[in-house]
Amino acid sequence: MKFRKFIMQLGLLLAVVLGLCLVGNCSANAATMPAGANPVNTASAYYSARSDKGAMYMGQIEPTWSVPTRPKLGVVAANGLSSTNRITMSTTKIYLQVSGSFGMASGATSKIKSIKPEVMRSNMDPNAPAGDAKPFAVGTDLISGSAVPSVTTSGDYYEIDVNLSKLYTLLPLSLGFAITYTNSTKTDYLVYARITEDDALETTWKGTDWLFDPKMYINSTVKATGAGNVKNIMASDKKVTGVGYPGLKIAATLTKGTEDTDYSGDNVSADGTFEIDFPDYIGNLVNMPDTGTTTLGVTEYNDMGDHATAGATINPALKITPPTNSLDINPDTLEDLQGMSSDSQVLNWIAKQAGVTVSYLGTPYDLSKVTLKSDQTDIATQLAELANDGSLTVKIGATNSDGVGTTSTADITLKRNAGELYLSHVDNEMNFGAISVPSKETLIAPKTLPQILVHDTQASGTQWTVLAQATDLTSTDGNQRKLDGHMVYVDADGNRESMASAVAVSAGARDRSVTQDVNATDGWSTTTQTLNQPATGMYLDAMPTIFSGSNTTTYQGTIYWELTNAPGSVAGTDISADYAKEHDSENAESGGSNAISSPASDSSSSLPVNTALK
């Protein structure tokens, strides 16, 4: 009987002990350090924990936890540590070792429903309640069955799988446990350690005065409008450049809708500069308002998550191109511009002629849908006051209907010219045909009149004159016999002038209503004339003593033509010398090619004269 009683008492004792383990969800005995893991560096520069190894809370307001009994911190360990045993972007597992119990107060009606090891982020609001944490990574629940009043740990390592590839955006991280209860909707967050960045190192990177003397900054692409080193870029930029700490990684995170996208550049170069290229206009990659601005941040960082950040204001600027161009302004154009009622009309004309385009984030505007602007006024008047070949640069900007404008200008250089005046065509022959030797002095007209075409785009009313000069006619039979007679021009008053020197044979003035080149020989006679009141035209003044030989003799000469707008009388000059000088130069430069003329204030050409006499 005594033996049986002893056995029963022993069984009861075992049942009690076993019952305590079941109720408390007891853990196994202390575990060894997990494979691949090492304790993290607990230097105060980047790690913090309570000196008594107890739990801390999130935020600034101390909570009332439902578990007055809490374990103590043992070791924080992780894999992928740096050479100084700091957590890095390569870390994938963090381990928390704690010893002791999580226990409800005596007499509590609620029980512990779950205890999960967690890596947490605070909402960073100093006035946030302690429970306002952002779980980042969660480990396996310590309670695998029903709710219990307490859980005892014995130095176990609790694993939390993490993705720290963007560690520089996550710090500080809080390591601890999240506890939930059966009779409550609240969650208690117990923090046992915090992983932080190295503040002193970051200050070295970014400088102590980020506004007026930053060590890291973004280069402005828009002239700064704020104090200090406020940086401004355009929504139409596709590249960001700046200055940073050599060797650090560099990245920008842009938010479009609710999605964040990272854009990385090469590491900061040895000279301390960096650049990040974007696949599209920055304004298309962020939540860009129709009006107003938004911001962009660029972060430089190391593997341990230490970082410095620089920001810039993204301005929703219009883009105007090309940055520079030039236009020739001839007299007709100048007259048209002077006839416009406003500078706005003038700017629109210039923009269209210069191929100016205005766009927003790659989408072009119809120029009629934007307002072109310039700080310059009375542009047409300024052009009119320019000397010929003088220039004026007009700086054109633009604004859309939302008030968004350009931050640069299209600089269009307008160069005033005098227009063009030149002989666009000179027939290659004036032929008198076969004629008989006259019985008395006679004015013989050519069979057909040559076309001598004047091209004129000078200012309205600007006058021009065509001069002509003829050589003696000589026989083509090898004897170089000189014709007894000479070329003459008869003007509208019947005055006959020898063409041995230059004679004005046609004159006119620029008329914008005339759109075709003017023929200087229009109205000349093709009928042989007597000396009494001859008709206007050019003639061979033939004498009865002309030598014709036994049958016929052919005579040939040259007429030189010159077009000028020079004021005053130029008749009586030797334009053949001018022609020789001009065309000798052309021959030397072009290997013998004889151009009629090039656009100029005056121009000249020559024309053979042929006649056969019998």
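Can you tell me which residue among Thr69, Thr92 is over 29 Å from Lys186 (Cβ atoms), out of contact with any Cys (no Cβ under 8 Å at 6 or more places or on another chain) and modelled with pLDDT of 95 or more? Please lay out each step first, then the result.
On the way: Thr69 fails: over 29 Å from Lys186 (Cβ atoms).
The match here is Thr92.
I need the full set of residues from the range 418-453 which are surrounded by 15 or more Cβ atoms within 10 Å (Cβ to Cβ) and not in a strand (DSSP E or B), in order please.
Ala418, Gly419, Glu420, Asp427, Val437, Pro438, Ala445, Pro446, Leu449, Pro450, listed by residue number.
What are the residues in the range 157-202 that are open to solvent by 50 Å² or more (accessible area, probe 1.4 Å) and aliphatic (A, V, I, L, M), if any?
Ala200, Leu201
Just give me the residues in the range 359-413 being charged (D, E, K, R) and either open to solvent by 50 Å² or more (accessible area, probe 1.4 Å) or at pLDDT below 95 (or both), in sequence order.
Asp366, Lys369, Lys373, Asp375, Asp378, Glu385, Asp389, Lys395, Asp402
Looking for something open to solvent by 20 Å² or more (accessible area, probe 1.4 Å) and on the phi > 0 side of the Ramachandran plot - is there at least one such residue anywhere in the range 281-291?
no
Surrounded by 15 or more Cβ atoms within 10 Å (Cβ to Cβ), in contact with a strand residue (DSSP E or B) (Cβ under 6 Å, 6 or more places away or on another chain) and outside any helix (DSSP H, G or I) - does that describe any residue in the range 334-341?
Scanning the range 334-341 turns up no residue that is surrounded by 15 or more Cβ atoms within 10 Å (Cβ to Cβ), in contact with a strand residue (DSSP E or B) (Cβ under 6 Å, 6 or more places away or on another chain) and outside any helix (DSSP H, G or I).
Please work out which one of (1) within 20 Å of the chain's Cα centre (by Cα); (2) open to solvent by 20 Å² or more (accessible area, probe 1.4 Å) is the condition Gly257 fails and give its number.
It fails just one condition, (1).
What single numbered condition from (1) open to solvent by 70 Å² or more (accessible area, probe 1.4 Å); (2) farther than 25 Å from Tyr301 by Cα fails to hold for Val98?
(1)
On the basis of being more than 30 Å from Tyr579 (Cβ to Cβ), assigned to a helix (DSSP H, G or I) and in contact (Cβ under 8 Å) with a residue 24 or more places away in the chain, does Ala351 make the cut? Can you show your working first?
Working: more than 30 Å from Tyr579 (Cβ to Cβ): yes; assigned to a helix (DSSP H, G or I): yes; in contact (Cβ under 8 Å) with a residue 24 or more places away in the chain: yes.
Yes: the conditions hold for Ala351.
Matching residues to (1) touching a residue at least 24 places away in the same chain (Cβ under 8 Å); (2) assigned to a strand (DSSP E or B); (3) among the hydroxyl-bearing types (Ser, Thr, Tyr); (4) under 24 Å from Leu171 (Cα atoms):
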{"residue": "Val222", "(1), (2), (3), (4)": "yes, no, no, no"}
{"residue": "Tyr245", "(1), (2), (3), (4)": "yes, no, yes, yes"}
{"residue": "Asn287", "(1), (2), (3), (4)": "yes, no, no, no"}
{"residue": "Thr295", "(1), (2), (3), (4)": "no, yes, yes, yes"}
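Give me a count of the residues in the range 454-477 that are under 23 Å from Ser436 (Cβ atoms) and open to solvent by 60 Å² or more (accessible area, probe 1.4 Å).
Residues meeting the conditions: 3.
Within the range 169-185, does at least one residue satisfy the condition of being touching a Gly at 6+ places or on another chain (Cβ under 8 Å) and free of Cβ contacts under 8 Å to residues at least 40 places away in the same chain?
No; the residues of the range 169-185 include none that is touching a Gly at 6+ places or on another chain (Cβ under 8 Å) and free of Cβ contacts under 8 Å to residues at least 40 places away in the same chain.
Is it the case that the range 148-168 has a residue that's among the polar types (S, T, N, Q) and in contact with a helix residue (DSSP H, G or I) (Cβ under 7 Å, 6 or more places away or on another chain)? Steps first, please.
Step one: list which residues in the range 148-168 are among the polar types (S, T, N, Q), which gives 150, 152-154, 163, 165.
Filter again for in contact with a helix residue (DSSP H, G or I) (Cβ under 7 Å, 6 or more places away or on another chain), leaving 150, 152.
Yes, that holds for at least one residue.
Do we have Thr564 as crowded, with 17+ Cβ neighbours inside 10 Å, within 22 Å of Gln463 (Cβ to Cβ), touching a residue at least 40 places away in the same chain (Cβ under 8 Å) and hydroxyl-bearing (Ser, Thr, Tyr) here?
Yes.
Tell me whether the range 260-268 contains one or more residues that are among the small types (Gly, Ala, Ser), over 28 Å from Leu201 (Cβ atoms) and in contact with a strand residue (DSSP E or B) (Cβ under 7 Å, 6 or more places away or on another chain).
Scanning the range 260-268 turns up no residue that is among the small types (Gly, Ala, Ser), over 28 Å from Leu201 (Cβ atoms) and in contact with a strand residue (DSSP E or B) (Cβ under 7 Å, 6 or more places away or on another chain).
Go through the residues of the range 171-194 one by one and say whether even a single one is under 39 Å from the mean Cα position of the chain (by Cα), of a type in the set (D, E, K, R) and not in a strand (DSSP E or B).
So far as the range 171-194 goes, no, none of its residues is under 39 Å from the mean Cα position of the chain (by Cα), of a type in the set (D, E, K, R) and not in a strand (DSSP E or B).
Filter the range 489-508 for residues that are open to solvent by less than 30 Å² (accessible area, probe 1.4 Å) and not in a strand (DSSP E or B) and give the result. It would help to see each step written out before you state the result.
So the first thing to find is which residues in the range 489-508 are open to solvent by less than 30 Å² (accessible area, probe 1.4 Å), and the list is 489-490, 494, 499, 502-503, 505-506, 508.
Of everything in the range 489-508, those that are open to solvent by less than 30 Å² (accessible area, probe 1.4 Å) and not in a strand (DSSP E or B) turn out to be Gly494, Met499, Ala502.
Do the conditions hold for Thr309, that is, is it within 30 Å of Tyr46 (Cβ to Cβ), modelled with pLDDT under 95 and open to solvent by 40 Å² or more (accessible area, probe 1.4 Å)?
Considered against the rule, which asks whether it is within 30 Å of Tyr46 (Cβ to Cβ), modelled with pLDDT under 95 and open to solvent by 40 Å² or more (accessible area, probe 1.4 Å), Thr309 comes out as yes.
So is Ala468 in a loop (DSSP other than H, G, I, E, B) and not acidic (Asp, Glu) or not?
Answer is no for this residue.
Within the range 529-552, how many residues are outside any strand (DSSP E or B), open to solvent by less than 20 Å² (accessible area, probe 1.4 Å) and under 11 Å from Val490 (Cα atoms)?
Summing the residues that are outside any strand (DSSP E or B), open to solvent by less than 20 Å² (accessible area, probe 1.4 Å) and under 11 Å from Val490 (Cα atoms) in the range 529-552 gives 1.
The values are calculated or read from the model by the stated rules, or taken from the named source; none is laboratory data. Note that the coordinates shown come from a computational prediction; the quantities given were computed from them, not determined experimentally. Note that each Cβ is placed from the backbone with ideal geometry, even for glycine, and that neighbours are counted across all protein chains shown. Accessible surface is based on the protein model in full, side chains and every heavy atom, while ligands, DNA and RNA are left aside. Shrake-Rupley method; radii C 1.70, N 1.55, O 1.52, S 1.80 Å.
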